[in-house]
Amino acid sequence: MFLAESRNCVDRALHPPPVFVRPDHTLCQVAYVFAEQGVTEAAAPAHHPADQPVGVITVPHLLHARRHDLTEEHHRERVPG
């Protein structure tokens, strides 16, 4: 079969290698990593890059979080203090 005969593995198809960020990175730090590495997503391992990923963060995730921050800032400005 195709899978049994194929000598290509996923790691040979990955280009560039995956980028990892720590779960405790701020979203700003993740944005800098994206810019520096020229990527639009990164895996967040539990403690070490060889660990099972906690999840994947992407540019749309960063934009969604920023929109949420802007909404909260706008709401705070409108509430009389």
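The values are calculated or read from the model by the stated rules, or taken from the named source; none is laboratory data. Everything numeric here is computed off the predicted structure, so don't read it as measured data. Accessible surface areas use protein heavy atoms only, side chains included; no ligands, DNA or RNA. Shrake-Rupley method; radii C 1.70, N 1.55, O 1.52, S 1.80 Å.
Filter the stretch 70-81 down to residues that are modelled with pLDDT under 80 and acidic (Asp, Glu) and give me whichever is nearest to the chain's Cα centre (by Cα). Can you show your working first?
Initially, the stretch 70-81 is screened for residues modelled with pLDDT under 80, giving 73-81.
Restricting the remaining residues to those that are acidic (Asp, Glu) gives 73, 77.
Details: 73: 24, 77: 30 Å.
Among residues in the stretch 70-81 that are modelled with pLDDT under 80 and acidic (Asp, Glu), the one nearest to the chain's Cα centre (by Cα) is 73.
Scan the helices (runs of 4 or more DSSP H) fully inside the stretch 1-69 and keep the ones with 3 or more residues being modelled with pLDDT of 75 or more and open to solvent by 70 Å² or more (accessible area, probe 1.4 Å).
Output list reads 27-37.
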